[in-house]
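The values are calculated or read from the model by the stated rules, or taken from the named source; none is laboratory data. Owing to the predicted nature of the structure, the values given are computational and were not obtained by experimental measurement. Reconstructed Cβ throughout: ideal geometry from the backbone, glycine too, with neighbour counts over all protein chains shown. Accessible surface is based on the protein model in full, side chains and every heavy atom, while ligands, DNA and RNA are left aside. Shrake-Rupley method; radii C 1.70, N 1.55, O 1.52, S 1.80 Å.
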Amino acid sequence: MPQPLDILVETPSQTAGPYVHIGCIPSFAGIDGIYPQDLAESPIADGAKGEIITISGSIYDGTGWAMRDAMFESWQADAAGRYPGMDGADPKVSGFCRFAADKDSGEYTLRTVKPGAVQTRQGQWMAPHISIWIVARGINVGLSTRIYFAEDDHSADPLLSRIEHRPRVDTLIAVKDDQGIYRQDFHLQGDLETVFLDL
Amino acid sequence: MTDTAPLMPRRREVHPDPYDPAYKTSVTRSPKLPLLALESTPTEETGPLFTHDLIGPLDNNLIVNFTQGKGLAVGERIRVHGKVMDEQGRPVPNTLVEIWQANAGGRYRHIKDTYFAPLDPNFGGCGRTLTDEDGSYEFMTVRPGAYPWPNRANDWRPMHIHFSIFGHAFGQRLISQMYFEGDPLIARCPIVETIKDRSQIERLVAPLDMQNSRGMDYLAYRFDIVLRGRRQTRFENKLEGM
Ligand SMILES: [Fe+3]
C-alpha cells in the first residue's frame, strides 16, 4: 500500500427540505424575535456605487411548475469588479443576498448593483455576472449557476466560452423587459434547462 | 485578505445522487444535463464573511432563544457540538453555522407543517453561531422528534437537525443534516439513502458523547463538518501559456 493521502472527505450534502426558511430566513417563515432581522436581506447599502438593477424571475421544476419553496443566495462583485475584502472594494456592497421564491407566485426579486467584470488568476476577464446558489426540497445538492447580462460582451468570458451547445448560453443571460427589470428564469429540466455549474 | 487559492474540485460521488426515484420530489427537481465543470474562479474562491457582532447571546440556544429566556422548550435537552474543518484538516474559524429543526414532537413551526404533533409555544426551531478560532461550535437544543412525510405511504424522517455552513468561499457552501446515533429510522429514510456511499452516511450520524454531557442537565452529541479545501498553488500565478 502507498502512503495515504492526507486529505479528508467533504461532508455530504442533504436536501435543504421544505422548511429551509425557518433556519435561513426565519422572518419569511413567520418566526420573528429570535434575530433582529433575517441575514443578508440586501447585498448593498445606501450609497453603493454603480447602476442599481432589479432582477426577477422564477425557478421551474421538470413539470414546468414555478417552485414556491426555493431559496436563493447570490454572491457578486461591486461595480468595479472587486469582491468584498479586496483592496478598494466598495464598503457599501456586501455582495451577498438571500431571497426566496414568493410563496404564492413563485417569483423572486433581487435588487442590487450591477457588478463589474472580474479577472481570473490566468488574467482572463469574466463578463459581469452574479453567482447564484439554489436550494429547495428535492434538490439534494445545492445548485450553482450564474446570471450574466444581455448588453455585455460575452465573447471572451471563460465560462460561457466553455458551453459547447451554444443555444444553452442564453439560459445564463438576463434580458431587460420593457419595465427595465432583468428577467432571469431557472429551469431544472426540459428544453430550456439552465446550465448548472461544478466549480 | 484570506486565502484565495483554487478550491479542490467537489467529489460528486461522495454526495447524494441528485436524481433518486425513491425520494420522489427529486425526480422533477434534478438537472438532467451534466454540470459544467471548470476550475474555480475568484467568484467561487471568495465569499461572505461574518463577524461575531452578528450573533446574539442566545442565538445558539434553541431551548430559550424563541422566548428570549422567558420560558424553556419542551424536550430532552441536548448539546450539539463539533468542529468545522476543510479537506486539509485545517480548522475553519469564524464561519457561520445555522441550524433548524422540528420540536420534540416532530413538528416544525411552519405554515406547511400540518402534522398532529402540537407546536411548542416556547420553541422556534432555529439557531446560529460563528465558529471559534479553532473551528469549534456548539448549540444547546432539544432532541427533535421523528416525523412522517409524504413520499411513500409510510415514510418517516429520522430525528435530524438541518445544518447550513458557509466556509470562507462561496464555492464551499453546504447544507446537510445531522442524525443521531442509534436511530433505527436512519436506515429506512429515502432522503438519507440518496447518499449511495454507506461510509458517507455514517459521517452524518453524530455519536453520543458522554464525556461532554453534563449530569442532571444534558446529553452531548458530536458532529464534525468538513468543507471543500483549497489546492496548493505554488508556481501557478502566471499568465496562461507561460
Ligand atoms: Fe427536517
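The packing ranking, built from the mean of other Cβ atoms within 10 Å per residue, places the peptides A:190-197, A:152-159 in the order A:190-197, A:152-159, highest first. Burial of accessible area (probe 1.4 Å, heavy atoms of protein chains only) in the range A:29-72, relative to its chain alone, reaches at least 50 Å² for A:I31, A:I34, A:Y35, A:L39. With protein chains left intact and a 1.4 Å probe, residues in the range B:50-226 average 41 Å² of accessible area per residue. The peptide list A:163-175, A:110-122, A:139-151, put in order of mean Cβ contacts within 10 Å with the highest first, becomes A:139-151, A:110-122, A:163-175.
Of all lysines in the structure, those lying under 26 Å Cα to Cα from B:K112, and not within fewer than 8 positions of it along the same chain, are A:K103, B:K24.
Take the solvent-accessible surface of the protein heavy atoms, probe 1.4 Å, and return the percent of it on the range A:1-152 that carbon and sulfur atoms account for. It is 50 percent, rounded to a whole number.
Can you tell me the relative contact order of the range A:10-187? Whole percent, Cα pairs under 8 Å, sequence separation 6 or more. Show your work: numbers first, answer last.
Working: 368 pairs, mean separation 45.1, N = 178.
Taking the mean separation of contacting Cα pairs over the length of the range A:10-187, I get 25 percent.
Just order A:103-109, B:177-183 by mean Cβ neighbour count inside 10 Å, highest at the front, would you?
Details: A:103-109: 14.1, B:177-183: 18.6.
The packing order, highest mean first, is B:177-183, A:103-109.
Once Rh for chain A is found with the Kirkwood sum over Cα pairs, what is the Stokes-Einstein diffusion coefficient at 25 °C and 0.890 mPa s, in µm²/s?
Details: Rh = 18.2 Å.
Taking Rh from Cα pairs, D becomes 135 µm²/s.
What total accessible area, in Å², is buried where chains B and A meet, using a 1.4 Å probe and rounding to the nearest 100? Provide the component values of the computation, followed by the final result.
On the way: alone 14260 and 11950 Å², together 19070 Å².
Buried surface at the B/A interface: approximately 7100 Å².
For a straight C-alpha distance cut-off of 19 angstrom, the aspartates and glutamates reachable from A:K176 (same-chain residues fewer than eight places away being disregarded) are A:E51, A:E107, A:E151, A:D152, A:D153, A:D185. Quickly estimate the mean residue ellipticity at 222 nm for chain B, helices only: each DSSP H run with n ≥ 4 gives -39500 (n - 2.57), and the total goes over all residues, rounded to 500. Helix-only estimate at 222 nm: -1000 deg cm²/dmol. Contact residues in the range A:1-20 by the 30 Å² criterion (accessible area, 1.4 Å probe, full protein complex versus chain alone): A:I7, A:L8, A:V9, A:E10, A:T11, A:P12, A:S13, A:Q14, A:T15, A:A16, A:Y19. Under 15 Å from the 7 Å Cα→Cβ point of A:E151, by amide nitrogen: which residues of the range A:42-70? Once the point is set 7 Å along Cα→Cβ of A:E151, A:50-55 turn out to lie under 15 Å by backbone N, inside the range A:42-70.
Using the Cβ-Cβ distance between B:M210 and B:R188 with R0 = 35 Å, the FRET efficiency computed as 1/(1 + (r/R0)^6) comes to roughly 0.85.
State the percentage of accessible surface on chain B attributable to carbon and sulfur atoms; use a 1.4 Å probe and exclude ligands, DNA and RNA.
Of all accessible area on chain B, carbon and sulfur atoms account for 57 percent.
Remark: spin-label model distance B:V64-B:A22 equals 4.2 nm, labels positioned 7 Å along the Cα→Cβ axis.
Over the whole of B:162-170, what's the average partner chain Cβ count within 10 Å per residue? Rounded to a whole number, please. Show your work: numbers first, answer last.
Details: counts 9, 3, 9, 1, 2, 0, 1, 1, 10.
The per-residue average across the peptide is 4.
Label point of A:K92 set 7 angstrom out along Cα-Cβ; within the range A:47-85, amide nitrogens under 20 Å from it belong to A:47-55, A:75-85. Every helix of 4 or more DSSP H residues in chain A counts as -39500 (n - 2.57), and over all residues that averages to -500 deg cm²/dmol at 222 nm.
Using a 1.4 Å probe, what is the accessible area per residue for chain A, in Å²?
On the way: 8240 Å² over 199 residues.
With the other protein chains kept in place, chain A gives 41 Å² per residue.
For the range A:8-32, backbone nitrogen atoms closer than 17 Å to the point 7 Å from A:D104 Cα along Cα-to-C-beta are found at A:28-30.
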